[in-house]
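The values are calculated or read from the model by the stated rules, or taken from the named source; none is laboratory data. Worth saying up front: this structure is predicted, and the values here are computed from it rather than measured. Neighbour counts run over all protein chains shown; Cβ positions are idealised from the backbone, glycine included. Side chains included, ligands, DNA and RNA excluded: accessible areas come from the protein's heavy atoms. Shrake-Rupley method; radii C 1.70, N 1.55, O 1.52, S 1.80 Å.
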Amino acid sequence: MSDTRYVHIEIPEIGYRYDMPLDLAACNEEEYIRITPVLYALERREINIQEFQYLGVYALLNLEKSEMELPEEEKEDAMGNIAMLGENLGQFFYVEGDKVLVKRFYTGNHVGRISSLFRNYYGPADFFTDVTWGEYEDGLNVFFEHELNPDPELLIRLAAIFFRPKRFGKRIIYNEEDVDKRIKRLKSMDMRRIIAFYFTFAAFHLYLSSSNVRWEGRTIDLSIIFNVMPGEKKPKESEFNSLGTKSQSIMLANTGIFGNYDTLRQTNLWKVMLVLYDMRKSDLDNKPKDND
């Protein structure tokens, strides 16, 4: 395979062939779920880059440390091979100052389900096409809280917002009052999948806030909703903190476009984003520029 997103591993003696992914976008579901907890530990400084290189290879190749004692020469060869493969994993992250940050790519939801013996909770469709505005607003609030004060409990809450049982092939309607019940149940489920979804959500938000999407044959730049554009007058700084997405919700509810606040929260995320885009575009078209 010539794709630079992979490194080809082959052991002819045992017929082993594997293309090891070199970034999150190249991972399949199982690889994504195995590598993201290691990346989470790296980003939180629980391990250093060298430790990540070893643990990352073990995760991607789905290896477990053997309890069997090997001859010293074989052990050195094995560790040397692991170290050599680990040197390829630099595309998973980048260094910014004294921080090591994961490169986040969104290509779809890698975590379709979180399960226990008796329960199945299902996550959003690819590109969050079945997510409501209220669901996303609550999830974003938890996500930003975690970025300020990292806590695994917040990751569980984030998953509890988006993962729900299905009825008639669809996730049940989002109700924020049910989140705490799911948190209790998710605590006993696979934490690797919960961490993996955190990276999926982070990558999706980055995609949503900085990318172009296609709609009715046209390219729409959703980043204008979130950013001050070139030539635009910057808003005056306030001594008070903004409500963020909640502020957008209040503004939209006041317009009545989607009905009252409760109705807005049950509206599809992408419908709301398109209206926000249209309102922001109209505002930019009519605003005086810095050089006017």
For segment 16-42, pairs from a residue that is closer than 13 Å to residue 199 by Cβ to a residue that is among the hydroxyl-bearing types (Ser, Thr, Tyr) and open to solvent by 10 Å² or more (accessible area, probe 1.4 Å), with Cβ under 7 Å and 6 or more apart or across chains, are 25/107
Just give me the residues in segment 123-151 being open to solvent by 70 Å² or more (accessible area, probe 1.4 Å) and farther than 22 Å from residue 246 by Cα, in sequence order. 126
Filtered residue count, segment 136-154, keeping only those that are assigned to a helix (DSSP H, G or I) and closer than 23 Å to residue 188 by Cα: 9
Condition (residue is surrounded by 12 or more Cβ atoms within 10 Å (Cβ to Cβ), at pLDDT below 85 and either acidic (Asp, Glu) or not in a strand (DSSP E or B) (or both)) applied to segment 261-273: is it met by at least one residue? no
Hits in segment 212-225 - residues which are open to solvent by 20 Å² or more (accessible area, probe 1.4 Å) and either out of contact with any strand residue (DSSP E or B) (no Cβ under 6 Å at 6 or more places or on another chain) or of a type in the set (Asp, Glu) (or both): 214, 215, 216, 217, 218, 221, 225
When you scan segment 94-122, how many residues do you find that are more than 12 Å from the chain's Cα centre (by Cα) and open to solvent by less than 80 Å² (accessible area, probe 1.4 Å)? 10
Complete set of residues in segment 122-147 that are hydroxyl-bearing (Ser, Thr, Tyr) and touching a helix residue (DSSP H, G or I) at 6+ places or on another chain (Cβ under 7 Å): 129, 132, 136
Condition met for residue 209 (open to solvent by less than 30 Å² (accessible area, probe 1.4 Å), out of contact with any helix residue (DSSP H, G or I) (no Cβ under 6 Å at 6 or more places or on another chain) and either farther than 20 Å from residue 120 by Cα or at pLDDT below 95 (or both)): yes
For segment 1-107, which helices (runs of 4 or more DSSP H) that fit wholly inside it have 3 or more residues that are modelled with pLDDT of 90 or more and under 27 Å from residue 190 (Cβ atoms)? 29-43, 49-60
For the subset of segment 39-63 comprising residues that are hydrophobic (A, V, I, L, M, F, W, C) and under 18 Å from residue 6 (Cβ atoms), which member is surrounded by the fewest Cβ atoms within 10 Å (Cβ to Cβ)? 63
Considering only segment 166-178, state which residues are part of a loop (DSSP other than H, G, I, E, B) and over 21 Å from the mean Cα position of the chain (by Cα). 168, 169, 172, 173, 175
So which residues in segment 179-206 are touching a strand residue (DSSP E or B) at 6+ places or on another chain (Cβ under 8 Å), of a type in the set (A, V, I, L, M) and either open to solvent by 60 Å² or more (accessible area, probe 1.4 Å) or outside any helix (DSSP H, G or I) (or both)? 189
Say whether the condition of being modelled with pLDDT of 80 or more, of a type in the set (S, T, N, Q) and in a helix (DSSP H, G or I) is met by at least one residue in segment 225-247. no
Which of the numbered conditions does residue 174 fail, given that it passes all the others? Conditions: (1) surrounded by 15 or more Cβ atoms within 10 Å (Cβ to Cβ); (2) under 28 Å from residue 43 (Cβ atoms). (2)
